[in-house]
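What follows is a set of notes on a single structure, which appears directly below.
The values are calculated or read from the model by the stated rules, or taken from the named source; none is laboratory data. If you're wondering where the values come from, they're calculated on a predicted model, not measured in any experiment. Glycine gets a Cβ as well: all are built from the backbone with ideal geometry, and neighbour counts include every protein chain shown.
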Amino acid sequence: MRVGVLGAGQLARMIALAGYPLGVDFIFLDPAQDACANKLGTHLHGAYDDPDLLAQLAEASDVVTYEFENVPADVAHFLATHTEVHPSPNALAVAQDRLVEKNYFHSIGIPTPDFAPIDSLADLTQAMETIGWPAIVKSRRMGYDGKGQAFIRTPDDLLQAWEAMAGVPAVVEAFVPFDREVSIIAARNPQGEIAFYPLSENLHKGGILRVSECLDGDPMQQQAEDYVTRLLEALDYVGVLALELFQVNGRLVANEFAPRVHNSGHWTIEGAETSQFENHLRAILSLPLGSTKPVGHAAMVNFIGGLPETAEVLAIEHAHLHLYDKAPRKGRKIAHATLRAESHEQLSAKLKTLSALADRVDDS
């Protein structure tokens, strides 16, 4: 069995590492010569819309997937006419446009913060009369890890926020005074079988995820499962999906979804019976999904821009280091470590130690 992957970054790398024990081979299409997954399979080096490379990818793959949602949707549609593509191009298209995504959430009964489309400074000024202060302006497309966003607190911020969008279509969202940020990772196979992971509680800084902690038995689990089930079934989705949520006064509202494996699910590699990466492969290859049961208490810490000494990380009991084979660069995710413990108290102590290491080398 051979899986084609659009993108060859760290998520593709971890998908391939999960697939090797299952006897799966991989072929990656990525424009970067030094893409960090290219040692784990065949690397087609070139643009995502290169017709010759797409033909090679389709011919060589039993199924094609993708590691990030900014792959051109028309590329996924083209591939779907020649081979299986999971998740579907439709899911990709919905996730790529924040306005389309938010309207889709509302159409299936998933609440979001108040929002409005904006195409000009005049639109933004008028929208603020109903959105209220403070708010966040986001480009409709191509934003991730805090990019393509501007926070507005007063009318004096409006011009600078609109200029930060560089003239592209955008949305303005009401700022949600959330109690916490959580996400739910779920997998669905072609037979409609769904497997849910426990909620992850997430800590961001500068728009970049820093820490995710597994919350087995969280009181918001059922509500999150209800929302993600609606999304998976409405999209007839196949693969792993992450739904990011805000908890506000005992209620969840949706931020966005990622039609792929997700950073907040990295704890599953050592912290669950079956990792999100293996379950993604099981789903797209029409195999039974694996157990999502946690193995003890688990969490994940990202390393941004710099790395501590390997020995410092591995000196923490039940810490597992995952290097991405990426050169350090300001604001770049270059590794993560997972943690396991027998109790919440033990996990908290280990997280404090590991987070201190990450903060020391953080170059974001």
Show me the helices (runs of 4 or more DSSP H) found entirely inside segment 2-95 where at least 1 residues are touching a helix residue (DSSP H, G or I) at 6+ places or on another chain (Cβ under 7 Å) and closer than 26 Å to residue 139 by Cα.
73-80
Restricting attention to segment 278-307, the residues that are farther than 23 Å from residue 335 by Cα and among the aliphatic types (A, V, I, L, M) number exactly 5
Out of (1) under 24 Å from the mean Cα position of the chain (by Cα); (2) farther than 30 Å from residue 337 by Cβ; (3) surrounded by fewer than 18 Cβ atoms within 10 Å (Cβ to Cβ); (4) aliphatic (A, V, I, L, M), the odd one out for residue 60 is which?
(1)
Residue by residue through segment 184-197, note down the ones that are surrounded by fewer than 24 Cβ atoms within 10 Å (Cβ to Cβ), in contact with a Leu (Cβ under 9 Å, 6 or more places away or on another chain) and part of a strand (DSSP E or B).
194, 195
Pick from segment 198-232 the residues that are part of a helix (DSSP H, G or I) and in contact (Cβ under 8 Å) with a residue 40 or more places away in the chain: which of them is surrounded by the most Cβ atoms within 10 Å (Cβ to Cβ)?
228
Would you check if there is a residue in segment 130-139 being more than 24 Å from the chain's Cα centre (by Cα), at pLDDT below 95 and either surrounded by 18 or more Cβ atoms within 10 Å (Cβ to Cβ) or farther than 19 Å from residue 253 by Cβ (or both)?
yes
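Residues checked against (1) under 30 Å from residue 333 (Cβ atoms); (2) free of Cβ contacts under 8 Å to residues at least 60 places away in the same chain; (3) not assigned by TED's automatic domain parsing to the domain that holds residue 253:
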site	(1), (2), (3)
109	no, no, yes
119	no, yes, yes
124	no, yes, yes
140	yes, yes, yes
153	yes, yes, yes
157	yes, yes, yes
162	yes, yes, yes
Quick check on segment 17-32. Is at least one of its residues among the β-branched types (Val, Ile, Thr), surrounded by fewer than 16 Cβ atoms within 10 Å (Cβ to Cβ), farther than 30 Å from residue 131 by Cα and not assigned by TED's automatic domain parsing to the domain that holds residue 238?
no
Find the residue count for segment 98-141, including only residues that are of a type in the set (Lys, Arg) and either touching a His at 6+ places or on another chain (Cβ under 9 Å) or part of a helix (DSSP H, G or I) (or both).
2
Out of (1) exposed (fewer than 14 other Cβ atoms within 10 Å of the Cβ); (2) in contact with a helix residue (DSSP H, G or I) (Cβ under 9 Å, 6 or more places away or on another chain); (3) under 22 Å from residue 156 (Cβ atoms), the one residue 109 does not meet is (3)
When the residues of segment 328-350 are narrowed to those that are surrounded by fewer than 19 Cβ atoms within 10 Å (Cβ to Cβ), more than 21 Å from the chain's Cα centre (by Cα) and touching a residue at least 40 places away in the same chain (Cβ under 8 Å), which ends up farthest from residue 296 (Cα to Cα)?
346
Quick one: how many residues across segment 317-363 are within 26 Å of residue 15 (Cβ to Cβ), outside any helix (DSSP H, G or I) and of a type outside the set (S, T, N, Q)?
21
Within segment 244-264, is even one residue without any contact (Cβ under 8 Å) to a residue 40 or more places away in the chain, polar (S, T, N, Q) and more than 18 Å from residue 87 (Cβ to Cβ)?
no
